[in-house]
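The block underneath contains the structure these notes are about, expressed in structure tokens.
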Amino acid sequence: YEQYCTDAVAQRLFPEFRSLRAWHFRYVLGSWHSDQDLAWSRANVSQEFRKPDAIGETTKMVKYKPFNDKGVSVQDGLRFYDDQRATMPRILDYGGVCGAVSKFGASCCQAFGVAAMPVGQPGHCAMIWRAPGGRWRLENDCGGWNQSRMHDKIQRTWRHLGPIAEYAGIIPVAERAMASSNYSCSEGKRLAAKLLPDAAVELLIEAALLCPDNLCVWSDLLSVIRPADAGSLLPRVEAVEALAENGPWQGGRELSLSRPVRASADMERAAHVVDGTDSEWFPTETEAQWLEIDLEKVCQVDAVRIKWWGDYGKKSSLKVLSLLCAEESSFDYGQGQSFQQRGLRTREADFNGWTELPGWEEPTRVVRLELGNPCPDCFGLKKSYGIRRVEVLGHYIEDPSDESSTVGLLTRLAEASFPSPQELADQQGLRLVKEMLQSLR
């Protein structure tokens with residue numbers, strides 16, 4: 001801390017350092033490298049990355065090398081570095097794999113007073129860092145925000161939330177919450193609810209409406225709300241939904257976000273196409289493939305948007321179909337029901353670009369994508385197809401007021417409180433609140 005005070009006075013840090021809040025400092029002062037390493041970083045970061053909106057890209061400075069020049073594996077620990085400490089200059093010299101790359105980038109950020117930390121992904125180590133304006137960015141990424149978890153030995157924000165605090169996505173939500181002018185008032189009502197149990201539900205609903213990003217409020221509300229409270233909750237939900245309908249949902253809400261998905265192959269990654277991130281579904285199979293998304297309600301589809309992985313928007317054939325199914329699980333449709341074709345890809349998409357097809361009038365419960373023309377991917381990963389994201393836009397035809405249970409109303413409140421899945425804080429806030437709602441089901 002004292003060293004950072006000295007560096008700030010000497011103007012060695014980026015100006016944004018002086019506007020950080022107390023909670024940010026745990027991700028600046030908690031660097032895993034020494035003061036000497038951080039000083040070396042300030043002197044040796046490439047000029048192209050020596051600015052607040054690019055410092056996190058210093059991960060690109062480290063050569064990805066699973067073996068050193070003597071053939072020693074990185075899995076052999078310090079032997080990879082010839083039995084020397086993995087200092088910043090040594091990582092740059094020797095290279096390394098995902099852990100070294102992400103820790104190097106995080107420490108370069110921290111050297112200039114920028115909050116950053118490594119995060120864990122399945123079989124991988126990425127990093128997140130705070131760009132100007134409080135925009136948290138994911139670097140050295142292989143799995144997207146939904147696959148990112150807080151790394152071991154990193155302090156948790158809102159750690160009393162338990163398992164929710166283990167998700168890295170809690171960081172951009174906390175960022176927006178604590179920057180809100182309503183956060184203090186929201187916290188005041190939350191604390192008052194502990195002293196006034198008879199008014200707790202009302203106070204916590206008001207606190208959630210004031211600052212939806214305050215996940216502590218949602219946690220407390222879920223612990224005290226009862227089925228009998230549904231009546232008082234309904235008008236609040238309808239009011240927030242009305243605001244969303246006249247705002248972000250005006251052009252159609254994203255109906256497919258976090259809905260059930262099944263696929264012909266690569267099933268473990270199929271849900272990535274509806275998680276709101278750019279994490280990929282990329283089968284290796286060389287036969288025609290398909291994806292089906294259960295919208296879980298009867299809907300009016302206004303548009304279907306597909307974001308491709310790499311150049312598959314030029315190579316893969318695409319057919320979009322729909323089905324109306326009344327079964328509790330739409331994937332249980334029988335032989336008497338058939339999909340209706342709704343559109344084809346007729347234009348080439350940009351690299352990592354989008355294909356958009358118009359909607360249709362007929363009510364729909366299931367949207368199916370059929371892909372053909374398997375081709376090797378441009379990244380050399382031996383894939384045959386690749387989609388990053390599928391967005392089905394439109395409106396519910398079934399009256400959502402049927403969802404009148406407490407859990408149903410809270411789900412509706414969450415969806416309307418985080419109405420823009422294109423925004424990282426909305427995307428992660430909704431996901432985390434829905435995770436908490438599982439405890440009520």
Reference-scaled alpha-carbon Rg (2.2 N^0.38 Å with N residues) for the range 364-441: 1.53
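Let me check something: with ligands and nucleic acids excluded, how do Met117, Met436 order by accessible area (1.4 Å probe), largest to smallest? Show your work: numbers first, answer last.
Working: Met117 0, Met436 20 Å².
Output order, biggest surface exposure first: Met436, Met117.
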The range 175-334: mean projected area of Cα convex hull, nm²: 13.3 nm²
Choice from Pro260, Pro212, Pro227 showing the highest fluctuation, given a GNM over the chain with Cα pairs closer than 10 Å: Pro227
Pairs of alpha carbons in the chain whose separation is greater than 28 Å (percent): 57 percent
Equivalent ellipsoid dimensions for the range 1-154 as semi-axes, Å, which come from the Cα gyration tensor, largest first: 25, 18, 13
Accessible heavy-atom area order of His151, His24, His160, highest first, probe of 1.4 Å: His160, His151, His24
Accessible area (Å², 1.4 Å probe, nearest 10) - Phe418: 0 Å²
Segment Ser180-Phe25, extension gain: residue separation times 0.36 nm, minus the distance between their alpha carbons: 53.9 nm
Cα-derived Rg to Rh of the range 159-247, Kirkwood definition: 0.98
Order of exposure, largest accessible area first, which applies to Asp69, Asp141 with probe 1.4 Å: Asp69, Asp141
Those Cys residues of the chain for which no other cysteine Cβ falls under 4.7 Å: Cys5, Cys108, Cys109, Cys142, Cys185, Cys211, Cys216, Cys299, Cys325, Cys375, Cys378
Stokes-Einstein D for the range 38-84, Kirkwood Rh over Cα pairs, 37 °C, 0.692 mPa s (µm²/s): 262 µm²/s
Kirkwood Rh, angstrom, the range 84-221 [1 / mean 1/r, Cα pairs]: 16.7 Å
Quotient of C-alpha Rg and 2.2 N^0.38 Å, computed over the range 1-71: 1.31
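The values are calculated or read from the model by the stated rules, or taken from the named source; none is laboratory data. None of the values given here were measured: they were computed from a predicted structure. Don't worry about glycine lacking a Cβ; one is built from the backbone with ideal geometry, like all the others, and counts go over all protein chains shown. Heavy atoms of the whole protein, side chains included, go into the accessibility calculation; ligands, DNA and RNA do not. Shrake-Rupley method; radii C 1.70, N 1.55, O 1.52, S 1.80 Å.
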